[in-house]
Structure formats: structure tokens, C-alpha cells
Amino acid sequence: MQQGTLMRKVKSKSWKKQRYFKLQEDCMTIWYQSKRTGKTESAFSISDVETVREGHQSEVLQSLAEEFPPERCFTIVFYGRRGNLDLIAGSAEEAQCWVQGLRQLIEPRSFPLTPALVSCTWIHDWFQKADKNKDGRMNFKEVQRLLKMMNVDMNEDHALRLFQAADKSESGTLEGEEFVLFYKALTQREEVLSLFQDFSEDGKKLTLLELVDFLRQEQLEDKGTEELAMELIDKYEPSETVRARHALSADGFLMYLCSPEGSIFNPRHRVLWQDMSQPLCHYFISSSHNTYLIEDQIRGQSSIEGYIRALKRGCRCLEVDCWDGPNGEPMVYHGHTFTSKIPFREVVSTLGKTSWGNSSSPPPLMGASPPSSHPQRVPGDSKSHRGEGHPKVPTSASPTPQELKHKILLKGKKIGRLEDTLDGPGDEAPDVSDDDNGAEAEEERQRAKVGGTQHSPALQKDKESLAQVLSDCIIYCKSVSFRGFQEARSHSRPSEISSLAEAKARKLIRDAGNEFVRHNAWQLTRIYPSGMRTDSSNYSPQEMWNVGCQIVALNFQTAGTEMDLCDGLFSQNGRCGYVLKPPFMRDEETVFNPSDPSSREGPGPTTLTIQVISGQQLPKVANSKDGAIIDPLVRVEIHGVPADQAHQETKYIENNGFNPRWDETLQFQLHVPELALVRFVVEDYDKTSRNDFVGQFTLAFANIKPGYRHIHLLSKDGTSIPPSSLFVHIRITE
């Protein structure tokens, strides 16, 4: 990576300042200074960077698209709520140098760390934070400060012994290799070493056969175990000598357990592993509500950043609320509120640039609520909108994600039927009504216009009309009112979709759970939040998934349990945003009802046994006092059908967020494991008030890998917080 590079830092179309950017020698810090004054303006750590986006992938850079080519532009995205850093390099080569260099530095690493890696890892970041006088050495007082920063409440005598053992030069300070020795002594994993010695005859290494025994007996690997053992040795054994003997040292064993292969998440399910040739209605689809909003629903900011973030998160159903703006140009915002506005063309441009990512065969993208007065070209293959060149799909079955790769489907009102669009214009009167329950439906009625003129609600019903060119874009997702399951069965088609407010959906779940499941086996249903959720809060998506609702729209900008569940469900299958429903939810004659687990055909309850062993380097609570150390506990939650909803928690460990040991076993009975999500939550215990959130990880039960596993924790907004993790032992029995 180049150092001391002159680039433009951009905050708005008119605010473009030249700054020198430089990667410091520690390979962990980047500072930048003003070209004019030479004064250092700011600095940030590589550990603060979540990702790097190339090209015009921010609202500011898009506004400068005509002035600067995408090859020179990139955006640094930080964890948490820190604003993005938009940069314009002097050349495409300089931009690539920084983009590729930053990506290499922020790539997650497994540990333990070897001395060769220290200068380019987060461990050096700790050293820099604790080295107050910046002399490249750390005295014992600075080490004590570091321990507090790292959530360690250690006896002073014990800390001094570790310090002196690492101080090989006997200088009274630690530097370079000495700090690595101190860190390794500090992070000694007794529970992992004990497990290692259970399978190692000499206590120093695992032979190939001993590693095979461990993989079969504990990790329940039953296919190609010897080949897997050789792969793990080649990949994770740091010693060339041990690797040449086809063995695994204790360091290599720990590196394997901390790797993706040692994760609780089945690595085979990280990639696209499900059948993508089923009808659309057979999938849960990652969906957002009012995607353009990044704050509240009344006065919040509208931004294309909302679309970029949702797409990067795997969302495949976006909402675009369009209203007439100045000079008839469509604008996107939350109607009848004080939210800011963004031009529809900017939204369209963003979708065209970011919808597909780097995937060679991405599933379709769905868009709700397109503009009605001034239809414009939507990005992607135009054949997807009118059916041109696309095989005629029988109206008795909806198309599949496989058939609709690289396509964009629009959900909205339509003149006539799907057959008329494919075969020629029809003369059926437009059905422009949608669900008539809730604030969003009222907005949709208010949104209808004739010739770009807003009419009073009383007159709209009779005067609504749609542009034919827009109507022709609605394929397979025609919005229709929901008037009951019997009515839908008699008169609706698989190419139609109904939208229901959360309250109405809950009533249907209570009154007719099985009918709801059957309905969703052949037709799409969209659920949206109550209009009362002006703070952009979310409802639980689990109860909607329990009856097979495919498009469960959430406010992606609001962190919490609901978005944890959403991220947990859609983190599988290559994060494509589509997850295949269980077989009993794809059968139109199913007898399954989530309120009656016995209606599920198949084996009896499954027992999930979780031994919570230890935690590693848990983060401090945000805004905590200096020197405060957490008292962590682990809560395991089961989210699923009502009979499976449960949670249990460990005791809390006082004053130890660095390497707490619980060694507690929790057990759950799952009646419908196919719908269950498991959420691991770490909290800081507080006896006088509500516990504080520390970290979490959520995944579908179907993606759990049994055995000794690490759980790599995520922050409240779903971003990684390396190297924080839990170490558990998982058993699944039927």
C-alpha cells in the first residue's frame, strides 16, 4: 500500500478537501493531515474499519459521478454509527492500491498470533493504546493499564510474574517479541489444552490418527475424516517441522478451533447450498421496510445509504415510496411526514450498481411501491419487467429464483392480469386497491394520482389510474387486497401478493394458523410494521415465519433482537437473501399449525444440549467508566413455534471479561427444529438495573455444527467484534 498519498476527502458535492493519507509503521493506524496547513487532522485504526466499497457506492460520491470516474473513488465504512469516509484518489492505480491494501489488513484472522503477524494485527493496536509515552516499550504500570482496558481484573502479584517471565532482557519493560510472550502467557487456554491432551498420547502433538479420532468422536465428522485431518494440519499448523510429520501442535489445534472449520456455523451452509428451483413462494425472502430511511419514520433522513446497507446485508426485497416532486420528478420519501427526500433516479442508479454484488448467479431483487405517475427505467434486464424473451410461466405456478437470476421484480398495482401482459394488452379495469388495514395501506391510497395531480382521499377511489407502461412492469407480484383465505383460494393467482399489517397477521395466526400456512404454500404474503412504530422499532419476524410468510419487512436501521433473528436466518445459503422453507410448509395440503407442534409430520422432539465452557476477550460495555470490568453471563434463547420459545442462562462471572469460565450445561427440547433460531447473548450482569448488552450471535438450528465450537460474537448492529468469542460443546439428539 502507498503511504503519504494525496487524496480528496469528500463530505458533500461542494466540500472536497485535499488531505495526505498515510499508513503508519505499525500497519494498524492511518492518519491524515491537511495539505494546506500540514496539521494532522485525524487518525483511525484498521480495527475500526468494517469494509471498503469501490466506486460510487455512497450518496456523496454518486452526486459527483459526472466529475470523478468510479475507478478513482472508494468509501471506507466503519463499525457502529461512525460516518463513512468518502475518498477520491489521484488515479485509478492509487485507488486500487489503497482498496486492496485495506482489505488485506481488515481481513479477519485466526489466532494464536505468531510474532511475524504481530505488526499487522489488532494485538499491536492494544500495544499502541497502552503505550502512553509512545516510546515503543511498555513498563509494568502501562501493562496494568492495558489489563484494565482488556477487561482483565488480575491479581497484581500474578500479573507481575507474567511480566517478569516475558522480560527476557531484564530491562523492566516489554517490547516486540517480549510483548508477544507476555500476551501468549496471558491468553493461555487451559480448557483447550486439557481437551488437546485428552487425545494426545505425548501431550505435545496430535498425530494424524489422534486428530482423526478427535474429529470423529467429538466433532462428529463422519465422511472423509482422514482427508479433512490432513487439510486442517496443512492449513493451521504453524510449525513446518510438525506439519511435515503430519501432526498438529497445541497452537495448531487452537487455530483450528478458532477457524471457520471450528465455528458453530456449519461451513457447508455458508455457501449456496439449497435448491433454488422451487417457486418463489417456497422461500423466506430477506425484506426491508421503508428502505430509504436510516432513522425514524416521521422526521428521519432518507438516503441511498439505506439501500446500500440493506443490499450489503443480503436484503432482496426493498421498498421505494415515490411521490411527485418539483417539475414532476419522482422523489422518494415517507409520504405525509417530514422525512427528507431523495430523487428516484438516484435510487434506481444505486440499485443498478449494487444489486448483484460480485455474484455470478444472484437471485432476483424485489421492489415494492414503484412510482405511479412517472414510470422510469429500472436497472437490470428490461426483459424481466415485461416478460419479453422470458419463457411464459403458467399462472398456476410462480417462477423460481433460478429462472429469475439478474432480474428485478416490481410489486405494485396492475392493469389486468399477468396473462394479458405476456400475451398482449388487456381491457380489464385496474385493480388498484391494496390491503385496507393500517397506516401503510392508507398511505398507498393517498399515493395514487391522476396525471400527477393529488386528489382528496374521498375522490381517489374512483379516479385512480395507472400508467400502462408502469403496469406492464408488474410481473408475478401484482398487489391485491386480502379478503380471506377462502376468497384467495377461489379468485387469486400465484402471481399475486397481499400485504398485511403486523396486527392483522397476528389475528390470522391466532384464528387460522393452518390456513395461513397453506395459503403461503402457493402465494406470496408481505408483512409490514404497524404505523404506530414511528421510532422505526420492529415486531418479531419469527411468528410470521412460523406460518410461512415469505416477505417479512423489517426496519433494517434499527438494531435489536428482531434484526439479529433476521441476520441469523439469512446468514446461510451464501447470504443470497433466500432460504428454502421446510417441506411441510411447501405442501398446499399441509396439516401443520405452529400452535400445535404435533401437527408436524416427522420424528419426535429434538434435544439440544449446550455446554457453555468459556469466553475470550469480551468487549467492554459502551460508555462504561474507566477501569470498569464486566461481570459476564451467557443467555441462550430459542426462537421458534410457541412450544419451543425458551431461554436459559449461566451464572455471572465477577470481574472477568477477558477469559471467563462457566462450564455450565443448558438443555432445550425442540418440537419443530426446522423453524428454530438459536440466539447466544452475552450480558454484563447488574444487580440494581437492567443488564448491559455485550455481544450476540444468532443462527438457524439447521446450521449448527455439533462438537467443540467457537461462537464469534457480533455487536448490537450485527458487525463483527474480533476476537471476542464463546467456546461451547454442542450435542444434538433425537
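The values are calculated or read from the model by the stated rules, or taken from the named source; none is laboratory data. Keep in mind it's a predicted model, so treat the numbers as computed, not measured. Reconstructed Cβ throughout: ideal geometry from the backbone, glycine too, with neighbour counts over all protein chains shown. Heads up: the accessible areas ignore ligands, DNA and RNA and are worked out on the full protein's heavy atoms, side chains in. Shrake-Rupley method; radii C 1.70, N 1.55, O 1.52, S 1.80 Å.
Residues in region 346-369 include at least one that is closer than 23 Å to SER537 by Cβ and assigned to a loop (DSSP other than H, G, I, E, B). Against the list (1) farther than 24 Å from HIS671 by Cα; (2) over 20 Å from the mean Cα position of the chain (by Cα); (3) open to solvent by 10 Å² or more (accessible area, probe 1.4 Å), the condition PHE727 fails is (3). Scanning region 166-183 for residues that are under 43 Å from the mean Cα position of the chain (by Cα) and either at positive phi or part of a helix (DSSP H, G or I) (or both) turns up ALA166, GLY176, GLU177, GLU178, PHE179, VAL180, LEU181, PHE182, TYR183. Within region 617-651, the residues that satisfy the criterion of being in contact with a Ser or Thr (Cβ under 8 Å, 6 or more places away or on another chain), at pLDDT below 95 and either open to solvent by 10 Å² or more (accessible area, probe 1.4 Å) or not assigned by the TED database to the domain that holds GLY695 (or both) are GLN617, PRO619.
Restricting attention to region 530-551, which residues are more than 20 Å from GLY640 (Cα to Cα) and in contact (Cβ under 8 Å) with a residue 60 or more places away in the chain?
Here is the first cut: in region 530-551, the ones more than 20 Å from GLY640 (Cα to Cα) are 530-537.
The answer is SER530, GLY531, MET532, ARG533, THR534, ASP535, SER536.
Being open to solvent by 10 Å² or more (accessible area, probe 1.4 Å), within 27 Å of SER599 (Cα to Cα) and not in a loop (DSSP other than H, G, I, E, B) is true for just one of LEU565, LEU500, LEU508. Which residue is that?
LEU508
Of everything in region 204-261, what is of a type in the set (A, V, I, L, M), in contact with a Ser or Thr (Cβ under 7 Å, 6 or more places away or on another chain) and outside any helix (DSSP H, G or I)? Give them in sequence order. Answer for region 204-261, where residues must be of a type in the set (A, V, I, L, M), in contact with a Ser or Thr (Cβ under 7 Å, 6 or more places away or on another chain) and outside any helix (DSSP H, G or I): LEU206, ALA247.
A Cβ distance below 9 Å, combined with a sequence gap of six or more or placement on separate chains, defines the contacts here; from region 579-600, residues that are in contact (Cβ under 8 Å) with a residue 12 or more places away in the chain reach residues that are part of a loop (DSSP other than H, G, I, E, B) and open to solvent by 70 Å² or more (accessible area, probe 1.4 Å) in the pairs PHE584/VAL591; PHE584/GLU601; THR590/GLU601; VAL591/GLU601; PHE592/GLU601; SER599/VAL591; ARG600/VAL591.
Yes/no matrix, rows are residues, columns are (1) open to solvent by 50 Å² or more (accessible area, probe 1.4 Å); (2) of a type in the set (A, V, I, L, M):
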{"position": "ASP251", "(1), (2)": "yes, no"}
{"position": "MET255", "(1), (2)": "no, yes"}
{"position": "CYS258", "(1), (2)": "no, no"}
{"position": "PRO279", "(1), (2)": "no, no"}
{"position": "SER288", "(1), (2)": "no, no"}
{"position": "GLY300", "(1), (2)": "no, no"}
{"position": "ILE304", "(1), (2)": "no, yes"}
{"position": "ILE308", "(1), (2)": "no, yes"}
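Yes or no: HIS671 outside the structural domain of LYS581 (by the TED database), open to solvent by 10 Å² or more (accessible area, probe 1.4 Å) and under 25 Å from TYR708 (Cβ atoms)?
Criteria not met by HIS671.
Inside region 694-720, residues that are more than 17 Å from SER259 (Cβ to Cβ), surrounded by fewer than 22 Cβ atoms within 10 Å (Cβ to Cβ) and of a type in the set (Gly, Ala, Ser) make up a count of 3.
Note on region 268-339: enclosed strands (runs of 3 or more DSSP E) holding 3 or more residues that are assigned by the TED database to the domain that holds LYS407 and hydroxyl-bearing (Ser, Thr, Tyr) are 283-288.
Summed over region 184-200, residues that are modelled with pLDDT under 95 and either open to solvent by 50 Å² or more (accessible area, probe 1.4 Å) or not in a helix (DSSP H, G or I) (or both) total 5. Annotation note: of ALA165, ALA159, the sole residue that is surrounded by 13 or more Cβ atoms within 10 Å (Cβ to Cβ) and either of a type in the set (S, T, N, Q) or not assigned by the TED database to the domain that holds ILE613 (or both) is ALA159. Scanning region 717-734 for residues that are touching an Asp or Glu at 6+ places or on another chain (Cβ under 9 Å) and either farther than 23 Å from HIS269 by Cα or at pLDDT 95 or above (or both) yields PHE727, HIS729.
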